[in-house]
Amino acid sequence: MADGKQFIDLRDRVLEPGLSPAAARAAFVHPPFESFNWATDYFDRIAVANERPALRVVDDAGRDQSLSFAGLSRRSNQVANFLSGQGVVAGDRVLVMLGNVVALWETMLAAMKLGAVVIPATTLLQRADLEDRLARGRVRAIVTEQAFCGHFDGLPGAPIRVAVRGAAPRGAPPGWIAYGDSDTADAALTVQTPTRADALMLLYFTSGTTARPKLVAHSHVSYPVGHLSTAYWIGLRRGDVHLNLSSPGWAKHAWSCFFAPWNAEATVLAYHFERFSAAALLDQLVGCRVTTFCAPPTVWRMLIQEDLRRWPVVLREVVGAGEPLNPEVIEQVRAAWGLTIRDGFGQTETTAQIGNPPGQPLKPGSMGRPLPGYPVALVAADGTVGDEGEICLELAQRPVGLMQGYLDDPEMTATVMRDGFYHTGDVASRDADGYLTYVGRLDDVFKSSDYRISPFELESVLIEHPAVAEAAVVPSPDALRLSVPKAYVVLATGASPNAATARSILEHVRERVAPFKRIRRLEFADLPKTISGKIRRVDLRRRESDRTHGGVRWPHEFWEEDFR
């Protein structure tokens, strides 16, 4: 428990209410843990006689389940003893494929207590994805909902298979063990061996926007301790009700539905829905009296399609992460609720690196400044450090929240950890006050007539048009300019994919950007996305590079010269 006390002392320094960004950065001095298990050394410590709600899970059918810190500590002990009885030991890989159900949080804590390695998996995975995860993850145990057990039929590996009942009859399919049997396990857990702080704890398969998913390896300190930066960025306080709209299986779910809120001793509110509805989500924000809320830009863009003034929220802090937020979205939320959505930047490989924490003056378009624990440098293509370049982290002051590396891929690890920096693959610029503005992924930034084009900048202008719900900008081949900016546009409700709408959008952009940045082509089409919701611009770039020259158009495509 000694390391638990060290962690709490660090937590209290970094999350002290009203602490300035500079003071918070100075306070983040990582204790030299030799052993540390966040679930036993920290969570169980704060859970003693603590009947405040730790977790609340609600859904559209009216189900509403809550567990206190003390209750969740006991239940995770039972699940740990149950898993241990099935043969799960420290170091075993446990694939957890659960939706927003209570068993997800119980299993995560239980596996951590045993020193097992959790591999979170979204319930949207297909059979080929699961086969890849079982093999490359060297999975020994699976915990999934009974409805998904059939997805694993015939797949090799994972001799221990646990089925969470859900609405199915009690019991489990042949070859599976019923999770409900954990109800009779001992609620007292005896940990035999301390957990090494550098032991593997989490394995995340990235969402693969450009290539096969990589295996991101995190230790027992990198996410648990590192997410103090995330809690600071969000502005979480003890007693908050925090809702994060992120699907289980992705890193952002662990960010804001597990480590960050519980680091602050806030209540995690999980909203389980079969089909997303902006109005239903807004009802939950009001009915559950949510105080802090985080959602990806896609969700924020859907929310502003509603009249937000109709929902009397009690929110104090609102943030966005996953992709940069467009200024138009921020302005509409501010106009409705008097709250400013604060941007943050991070990756599966890290915790929150850059952000606008509460109390820091905001600059339009900026994603903020480095957060506690993150020495950020902007590195140009020639290796020089300056005010524009790739967002990198200095390894001489290695951030505690940085991954150990890519599992079983030393070459890829060496590539991103080269020349004394961890390379994020994202580009930003920095102003005289140290504020960083996102430019785009290295792979997404392109040239037109030798001018560099930032897709994000143009997408932010596009979404200001009332007919545009979402947009993605990519280079389209052009005989004269090498390439020209082309926008793929998803229309807002009620807008028509016709020439008049295209003309209006192109004129809107032309009036707001320099001539060399103008959108020259536009197509109304759905945007390809990863199963975590990120736009796959690589697919759109490939589609454009494969097109034939000679002015052949795609359906619903319009060119600037059509309107001269």
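Listing for the model above:
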read-out: Stokes-Einstein D (µm²/s) once Rh is taken as the Kirkwood radius of region 356-405 over alpha-carbon pairs, at 4 °C in 1.567 mPa s; value: 103 µm²/s
read-out: 3J(HN,Hα) from dihedral phi, region 90-98, Karplus parametrisation 6.51/-1.76/1.60, rounded to Hz, x for glycine, proline; value: 4, x, 5, 8, 10, 7, 10, 10, 10
read-out: Point-charge dipole on Cβ atoms (K/R +1, D/E -1) for the chain, about Cα centre, debye to 20; value: 320 debye
read-out: Distance histogram for region 503-564 (every C-alpha pair counted, 10 angstrom bins, percent rounded to whole numbers); value: 18, 43, 35, 5, 0
read-out: Additional length obtainable on full extension of the chain from Arg316 to Arg238, 0.36 nm per residue less Cα span; value: 26.7 nm
read-out: With 10 Å bins from 0: P(r) over region 90-214, alpha-carbon pairs, percent; value: 12, 44, 34, 10, 1
read-out: Counting DSSP beta bridges with both ends in region 49-199, the antiparallel % (nearest 5); value: 25 percent
read-out: Net charge, Gly405 excluded, C-beta distance under 13 Å - Lys, Arg +1, Asp, Glu -1; value: -2
read-out: DSSP loop GluC sites (Glu not before Pro) with at most 11 other Cβ within 10 Å excluded, longest remaining stretch of the chain; value: 275-510
read-out: Label assignment, mean projected area of the Cα convex hull in nm² derived from the structure, set (i) 43.6; (ii) 26.0; (iii) 36.9; value: (ii)
read-out: Considering only region 133-250, percent of DSSP beta bridges that pair antiparallel, nearest 5; value: 40 percent
read-out: Counting DSSP beta bridges with both ends in the chain, the antiparallel % (nearest 5); value: 60 percent
read-out: For region 1-38 versus region 417-488, the gap between their alpha-carbon centres in whole angstrom; value: 36 Å
read-out: Cβ-based net charge around Glu507, under 11 Å, with every Lys or Arg adding one and every Asp or Glu removing one; value: +2
read-out: When region 396-481 is reduced to its Cα atoms, the Kirkwood hydrodynamic radius in Å; value: 16.1 Å
read-out: Rg to Rh, two decimals, where region 181-297 supplies the alpha carbon set and Rh follows Kirkwood; value: 1.02
read-out: Label-point separation, Asp198 to Ala335 (7 Å along Cα→Cβ), nm; value: 5.4 nm
read-out: Whole-Hz ³J(HN,Hα) from phi, Karplus 6.51 cos²θ - 1.76 cosθ + 1.60, for region 514-519, glycine and proline x; value: 5, x, 6, 9, 4, 6
read-out: 5 angstrom amide H check on Ala352, placed H, neighbours 5+ away; value: Thr230
read-out: Total lysine pairs whose alpha carbons fall under 29 Å of each other in the chain (8 or more apart, or interchain); value: 24
read-out: Average accessible area per residue (Å²) across the chain - probe 1.4 Å, nucleic acids and ligands excluded; value: 40 Å²
read-out: Dipole of region 20-166, positive direction: furthest Cα of Ser73, Ala90, Leu55, with charges on the beta-carbon; value: Ala90
read-out: Kyte-Doolittle mean at least -1.0, axial Cα span of 30 Å or more - DSSP H helices of the chain; value: none
read-out: Check: region 463-564 dipole with +1 on Lys, Arg Cβ and -1 on Asp, Glu Cβ, in debye; value: 340 debye
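The values are calculated or read from the model by the stated rules, or taken from the named source; none is laboratory data. Keep in mind the model is a prediction, meaning the values are calculated, not measured. Backbone-built Cβ (ideal geometry, glycine too); neighbour counts: all protein chains shown. Surface areas here come from the heavy atoms of the whole protein model, side chains and all, with no ligands, DNA or RNA. Shrake-Rupley method; radii C 1.70, N 1.55, O 1.52, S 1.80 Å.
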